[in-house]
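These notes concern the structure reproduced below.
The values are calculated or read from the model by the stated rules, or taken from the named source; none is laboratory data. Computed from a prediction, not measured in an experiment: that's the story for all the values here. Cβ placement follows ideal geometry from the backbone for every residue including glycine, while neighbour counts extend to all protein chains displayed.
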Amino acid sequence: MTDGGPLPESFRPLFWDVDWEQLDGGRHWRLIVERALNWGDEGHLRWIVDRYGRQKIATVVRESRRLTPKTARCWQNLFGLDEGEMRCFGTFSTSRDGYF
């Protein structure tokens, strides 16, 4: 599957603060992965793995400052990452700067 295009309707509640019609699976993939990791259910997680793959998800886990500490620890263990290589253990940010 390509990265671009619309998201399944089941993702809409995760993006209550975003213009749903402007959200693009290719351009906004980091935001989509962050939201699914933080607030998604099993269906959301399966979808992002199928759509973006483990490598892109691991990139978000390493580079994002928007993962909650609980979420970060879960994915840190899954991907076998050291805390030092994960930006989210610095300053947590809720900003969408850079996405829209």
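Residue-level check: of (1) loosely packed, with under 14 Cβ neighbours inside 10 Å; (2) of a type in the set (S, T, N, Q); (3) within 18 Å of ASN77 (Cα to Cα), SER10 misses just (3).
Against the criterion of being modelled with pLDDT under 95 and either in contact with a strand residue (DSSP E or B) (Cβ under 8 Å, 6 or more places away or on another chain) or more than 17 Å from SER64 (Cα to Cα) (or both), PRO13 does not qualify. The C-beta contact set for region 71-88 (first residue surrounded by fewer than 18 Cβ atoms within 10 Å (Cβ to Cβ), second residue of a type in the set (Gly, Ala, Ser), distance under 6 angstrom, 6+ apart or interchain) comprises PHE79/ALA58.
Criterion first (in contact with a helix residue (DSSP H, G or I) (Cβ under 6 Å, 6 or more places away or on another chain), closer than 18 Å to MET86 by Cβ, in contact (Cβ under 8 Å) with a residue 12 or more places away in the chain and outside any helix (DSSP H, G or I)) does LEU67 satisfy it? Taking the combined requirement at face value, the residue satisfies it. If you take the residues of region 21-43 that are modelled with pLDDT under 95 and assigned to a helix (DSSP H, G or I), which of them is surrounded by the fewest Cβ atoms within 10 Å (Cβ to Cβ)? Ranking the qualifying residues of region 21-43, first place goes to GLU21.
Assessment of region 44-60 against the conditions (touching a Phe, Trp or Tyr at 6+ places or on another chain (Cβ under 8 Å), crowded, with 19+ Cβ neighbours inside 10 Å and under 12 Å from CYS88 (Cα atoms)) yields no matching residue.
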